[in-house]
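Notes for the one structure printed next.
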Amino acid sequence: MLRFILMRLGKAAIILIAILTLNFFLIHAAPGDPAAVMAGEAGAADAKFIAQLREQFGLDKPLLVQLGIYLKGVIQLDLGYSYRQQMPVADLIFQRLPATLLLTVSAFIISLFLGTLAGVLASARVGKWSDTLISSLALLFYATPLFWAALMAVLLFSVYLNWLPGFGYETVGANYTGFARALDIGKHLILPAATLGLFFMAVYMRMTRASMLEVSQLDFVKTARAKGLKPSIIQRRHIFRNAMLPVVTLAGLQAGQLVGGAVLTETVFAWPGIGRLMFEALAQRDYNLLLGVFFVSAAMVLLFNLVTDILYRVVDPRIRVA
Amino acid sequence: MADFWKRFSRNRGAVIGVAILVVVLVVAILAPLLLPQSPWRMVQRPFLPPFSMDQYPLGTDALGRDVLSGLAYGAQVSLLVGLVSTLAALLIGIPMGALAGYFGGWVDDALMRFTEFFQTVPSFALAIVLVAIFQPSIYSIIAAIAIVSWPPVARLVRGEVLSLRSREYVEAAILSGQSNLTIILRQVLPNTISPIIVLASLMVATAILLESALSFMGLGDPNMMSWGYMIGAARTVIRQAWWLSFFPGVAILLTVLALNLIGEGLNDALNPRLARRGK
Amino acid sequence: MTDQVLRVENLKIALPEGADRDFAVNDVSFDLHAGEILCIVGESGSGKSMSANAAMGLLPELVRPVGGRILFDGNDLLTLSEDEMMDLRGRKIAMIFQEPMSALNPLMRVEDQIAEVFEAHGLLTRKERKERAVTLLTEVGIPDPEKAMRAYPFQLSGGQRQRVMIAMALALEPQILIADEPTTALDVTTQAQILQLIRNLQEQRGMAVMFITHDFGVVAEIADRVAVMQYGKIVEAGTADEVLDNPQHAYTQKLIAAIPKLAAEASEVAEPGTPILDVAGLNKTYRTGGGMFGAQARVVHAVNNVSLTLAEGETLGIVGESGSGKSSVGRCLVRLMQPDSGTVKLAGQDMAHLSGGALREARKSIQMIFQDPYASLNPRAKVGRIIAEGPMAHGVSKREAYARAVELLELVDLDALSIDRYPHEFSGGQRQRIGIARALALEPRVIIADEAVSALDVSIQAQVLDLLADLKKRLNLALVFITHDLRVAAQICDRIAVMQKGEIVETGPAHAIFDNPQNAYTRTLIEAIPGREKELAAAG
């Protein structure tokens, strides 16, 4: 297992380096000379300052040498400097990261739990009205644009019903501490997590339902019935466990989408995470910050993938032992 | 073909999907005839509520622009981006998958590592970065969506080709002296067409969602009215004017839903064996 | 023979709408007595599994009994509630299936799957269940039962998995064991062991066994009584001896006549013939696992120093069990697989070291017939194109190639109009004929037939074998016939090479191999052929 994790980490490192390289070339593809852009961002655009910047950041060196300098910087957690926000990009991101992790992980857990639950229920009642209802809802959620669902949730639960706060991470100026603060954050979390999870819930539900139905046709289920086992045990022990394998794989593949979705959700709910940061970077054309956020979100996806891979190995002995 | 329609129309949802899509398509095509006014033009007072004036049934936005007209012209952008970016993604994905699956070995390894890379990168974030760096325009949007959506095509085609590659009729074709290109084009790819069609119909839906999300973030083509842009612009005034974000959202929802329904219908009709198991 | 435990009366089972006939089982009656093995035998689609599944209450979806009764213990099983059936299943009536791999849950340890049987009926404590499981595994002859208990199904061989299935089925000492083609997926030597095991356990426990099979060899090996089914009806029933030695119904007679006879005739004239194919020192190894990060790789020697010769007009059989490397040899000969070393001289030219155009040209002389009649024809191509494609790739004009395709179709006894039809419009046997026509289109001198009749029902198999023998004579072809079925090999081959673990362990004229095998493995293989003893006894 340790060997496997090390292997996966090695692979993740290669992917991250590839992303950084892509980032590097994208910065150079961005309109305008980076030094001029930087100078513009710093608010001074005279030729001398630009030349100075060019030398300071090694922009006069060959491209590959620059790439080396850039990669070396990243290893030392230096993702560049945001002139708009007057702060290192890495600092900005690390400030915002906990909020994003809280949001994505909650949305992931909610959607996985409710999605598989709904999928199991639907498959057990296949063809009946409850299956039709669950399946139709899933189809609807699957087609709903995430940011629109978020806006409508704000409109309904916050503006009209006034049940839950519609934006922010916690009540500003309330200065709660301890449990009260956790409760306050929790209240703020419900709408963003629920709307972000909605789409993925639909995805997992559909997959679980299809997978349960497929597994229930397999031979070993017939063996289990021939033993005289109760349908509920067959459902749980034989069908469900096997049906979860493709769902876990899918959950890993969806991690990227989850992080992407967080950008939209955070934008709508003014959730102070890296997604919101990305939106701010876009509005200010702050490319260093934009690419920094992109890099960190890719790293988050790799982390999600690693977790689901480990989960898969725990569930499936064929991979664990072989 | 008649058989195909029979199986397709047995899926009630799919028929509804076709109906919705036809309406959207007609509106998009006829928009310039039905609503010759530019959707950017101020036609009435701002924040005119819906259903209050017959001429502007869905009201006006913060700048007094006709919401209905915006919806009609937005349909053009959504469908255009959805179709063209899907076609582009197929053009990248099918050859990649076919080569990887057919030749195997290091070709497969190299192409699949490349695909895996694009699949790991959070696609929406990458699309945002690409459009932002290359400046928002209909071309950069289509390119960005194609770049983030080809990997599933490559994987699907590779998987299909890999399984067909070892099928006995392909081996027979090798023995009978046909060239690799002939075998890929005549023996292998025609047998992968059904799952590709199904995937493509779902990809158009995803592309429309992506386009709307990009426009919502302010990365739409500044010269084209789109549904995502309308919602994005209405976001800050949601308390005063719910309809400004409500109607475009419904338009996206219905279009995407229609495409998903059609995708399921196609799946039932093209893979009858699988469909029966799922029902 | 008086105490019947199960009585099936006028059973009628309906198929869903749109099936090729209305009833899977139509008015079937039979008795199953305590302490006997009743074989229900028939070809695919005869409905032979359906009455057994009905007795278990495990019919496929949409298939339902519509008439008759299945009496057990004074109850009609068809009228029992699901709860009552659940109580009977596993406890009174148990079942084993064809595919031991897919019939076991891949994610559960063997011990848990066995213990589950007791759990289902609320018997024994957790600890006792484990103890019983070990005893059962010992009883069904699994080596190292303690270790097997902790294993997952994928860690066991096919035969061991079937033994686990049997252990589970016997756990509660049921009165009836239903065995649905339990040895079909197994190699012939494993099959012989499993049949022996079922026979022994049945005798020890005085169980009644309903044994479903398509193989008359297996019937001869194991049956006390036989019921022959065709199109959902029992056409003949009686004791094993009656039915096998003196079949009354025309269908039974036809089926039994179609079974390839074991005794290979000595070739009339043993002319040596000019050698056409000369294989020397062929090797092929696979590496599994391994990769960029260096997980340990396993090396499998699929083909180990194989040498063969084939004369013009001769049929050479390559026989062996699964994993023996027989198919790999065939694929190396046509270069669908690249051998690591060795030569394959086809009419003096070394196939193993050709490439590009020269290889394409050389392959015209060596063609292949495949196993699976469904996978061997492109479903989206018309039959004419399938046959004409090869010659066209070699520069023959379209008109000429299609004209030749028509001739070839007539040669394999198919209608000339077939060229405009798609493969799915043909039956398995017909498809195999199309495959033969395609192989002949390039006018080869050698044909490799890889398990070419294994997927066919026995009566169709006989027709295709006859066709091959006839074509071989008329076109003076040399044939390499790869098969796991020694009966088929005995019927069609002049010489036979026996393979085990990648090596040829014995070669010789077919009659010599069967009558006087020299190698120990060859002897095991031949002794394991189901129905052999009975056939020898009959031959006197």
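The values are calculated or read from the model by the stated rules, or taken from the named source; none is laboratory data. This structure is a prediction, so every number in the text was calculated from the model and none was measured. Reconstructed Cβ throughout: ideal geometry from the backbone, glycine too, with neighbour counts over all protein chains shown. Side chains are part of the model used for accessible areas, which takes the heavy atoms of the whole protein and leaves out ligands, DNA and RNA. Shrake-Rupley method; radii C 1.70, N 1.55, O 1.52, S 1.80 Å.
Does C:LEU137 meet the test of being away from chain A (no Cβ under 14 Å), at pLDDT 90 or above and either crowded, with 17+ Cβ neighbours inside 10 Å or in a loop (DSSP other than H, G, I, E, B) (or both)? The answer is yes for C:LEU137.
Screening A:LEU245, A:LEU250, A:LEU290 for residues that are in a helix (DSSP H, G or I) and facing chain B (nearest Cβ under 9 Å) leaves exactly one candidate, A:LEU290. When the range C:290-308 is filtered for residues that are at pLDDT 55 or above and hydrophobic (A, V, I, L, M, F, W, C), the ones remaining, listed by number, are C:ALA297, C:VAL299, C:VAL300, C:ALA302, C:VAL303, C:VAL306, C:LEU308. Is one or more of the residues making up the range A:158-168 β-branched (Val, Ile, Thr), surrounded by fewer than 16 Cβ atoms within 10 Å (Cβ to Cβ) and either touching a Lys or Arg at 6+ places or on another chain (Cβ under 7 Å) or at pLDDT 90 or above (or both)? Among the residues of the range A:158-168, at least one is β-branched (Val, Ile, Thr), surrounded by fewer than 16 Cβ atoms within 10 Å (Cβ to Cβ) and either touching a Lys or Arg at 6+ places or on another chain (Cβ under 7 Å) or at pLDDT 90 or above (or both), which makes the answer yes.
Restricted to the range C:12-40, and to residues there that are in a strand (DSSP E or B) and touching an Asp or Glu at 6+ places or on another chain (Cβ under 8 Å), the residue that is farthest from C:ASN200 (Cα to Cα) is C:ALA14. For the residues C:MET95, C:MET85, C:MET56, the requirement of being surrounded by fewer than 21 Cβ atoms within 10 Å (Cβ to Cβ), more than 28 Å from C:ILE460 (Cα to Cα) and aliphatic (A, V, I, L, M) singles out C:MET85.
Go through (1) closer than 23 Å to A:LEU112 by Cβ; (2) within 12 Å of chain B (Cβ to nearest Cβ); (3) among the β-branched types (Val, Ile, Thr) for A:VAL159 and report which single condition fails. Checking A:VAL159 against (1) closer than 23 Å to A:LEU112 by Cβ; (2) within 12 Å of chain B (Cβ to nearest Cβ); (3) among the β-branched types (Val, Ile, Thr), the one that fails is (1). The set of residues in the range B:221-260 being polar (S, T, N, Q), closer than 21 Å to B:ILE145 by Cα and open to solvent by less than 50 Å² (accessible area, probe 1.4 Å) consists of B:SER226, B:THR255, B:ASN260. Annotation: A:LEU140 fulfils all but one of (1) within 14 Å of chain B (Cβ to nearest Cβ); (2) open to solvent by less than 60 Å² (accessible area, probe 1.4 Å); (3) not basic (Lys, Arg); the unmet one is (2).
For the range A:144-153, the criterion of a residue being more than 18 Å from A:GLY261 (Cα to Cα), within 25 Å of the chain's Cα centre (by Cα), in a helix (DSSP H, G or I) and within 12 Å of chain B (Cβ to nearest Cβ) is satisfied by no position.
Across the range B:154-204, what is the total count of residues that are within 12 Å of B:TYR102 (Cβ to Cβ), touching a residue at least 24 places away in the same chain (Cβ under 8 Å), open to solvent by 30 Å² or more (accessible area, probe 1.4 Å) and within 12 Å of another protein chain (Cβ to nearest Cβ)? Summing the residues that are within 12 Å of B:TYR102 (Cβ to Cβ), touching a residue at least 24 places away in the same chain (Cβ under 8 Å), open to solvent by 30 Å² or more (accessible area, probe 1.4 Å) and within 12 Å of another protein chain (Cβ to nearest Cβ) in the range B:154-204 gives 3. Take the range B:153-167 and flag every residue that is closer than 12 Å to C:ASN378 by Cβ and touching a Leu at 6+ places or on another chain (Cβ under 8 Å). Across the range B:153-167, there are no qualifying residues.
The residues of the range A:270-282 that are surrounded by fewer than 24 Cβ atoms within 10 Å (Cβ to Cβ), out of contact with any Gly (no Cβ under 7 Å at 6 or more places or on another chain) and within 8 Å of chain B (Cβ to nearest Cβ) amount to a single one, A:PHE279. When C:LEU310, C:LEU333, C:LEU346 are screened for being more than 14 Å from chain B (Cβ to nearest Cβ) and open to solvent by less than 20 Å² (accessible area, probe 1.4 Å), only C:LEU310 passes. Among the numbered conditions (1) within 14 Å of chain B (Cβ to nearest Cβ); (2) farther than 17 Å from A:ILE110 by Cα; (3) among the aliphatic types (A, V, I, L, M), the only one that A:LEU198 does not meet is (2).
The residues of the range C:378-395 that are more than 11 Å from chain B (Cβ to nearest Cβ) and surrounded by fewer than 23 Cβ atoms within 10 Å (Cβ to Cβ), listed by number, are C:LYS382, C:GLY384. Among the numbered conditions (1) more than 14 Å from every other protein chain (Cβ to nearest Cβ); (2) open to solvent by less than 30 Å² (accessible area, probe 1.4 Å), the only one that A:MET212 does not meet is (1). Screening the range C:417-510 for helices (runs of 4 or more DSSP H) wholly inside it with 2 or more residues that are polar (S, T, N, Q) and farther than 30 Å from C:SER397 by Cα returns the ranges C:458-475. Within the range C:144-172, residues that are buried (at least 19 other Cβ atoms within 10 Å of the Cβ) have Cβ atoms under 6 Å from residues that are hydroxyl-bearing (Ser, Thr, Tyr) in these pairs: C:PRO145/C:THR138; C:GLY159/C:THR190, counting only partners at least 6 apart in sequence or on another chain.
Limited to the range C:365-377, what total is found for residues that are surrounded by 18 or more Cβ atoms within 10 Å (Cβ to Cβ), more than 7 Å from chain B (Cβ to nearest Cβ) and touching a Gly at 6+ places or on another chain (Cβ under 8 Å)? So the count comes out to 2. When A:LEU264 is tested against (1) within 28 Å of B:SER245 (Cα to Cα); (2) more than 10 Å from chain B (Cβ to nearest Cβ); (3) at pLDDT 90 or above, only condition (2) is not met.
For the range C:50-100, the tally of residues that are of a type outside the set (A, V, I, L, M, F, W, C), under 27 Å from C:PHE118 (Cβ atoms) and not in a strand (DSSP E or B) stands at 15. Scan the range B:122-150 for residues that are in contact with a Gly (Cβ under 7 Å, 6 or more places away or on another chain) and under 25 Å from A:LEU303 (Cβ atoms) and the total you get is 5.
Residues that are surrounded by fewer than 20 Cβ atoms within 10 Å (Cβ to Cβ) and closer than 12 Å to C:GLY42 by Cα: does the range C:178-195 have at least one? Taking every residue of the range C:178-195 in turn, at least one turns out to be surrounded by fewer than 20 Cβ atoms within 10 Å (Cβ to Cβ) and closer than 12 Å to C:GLY42 by Cα.
Evaluation of B:ILE193 against the conditions (1) in a helix (DSSP H, G or I); (2) in contact with a helix residue (DSSP H, G or I) (Cβ under 8 Å, 6 or more places away or on another chain) shows that the sole unmet condition is (2). Within the option set B:PRO95, B:PRO46, B:PRO122, B:PRO39, being within 14 Å of chain A (Cβ to nearest Cβ) and of a type outside the set (A, V, I, L, M, F, W, C) holds for one residue only, B:PRO122.
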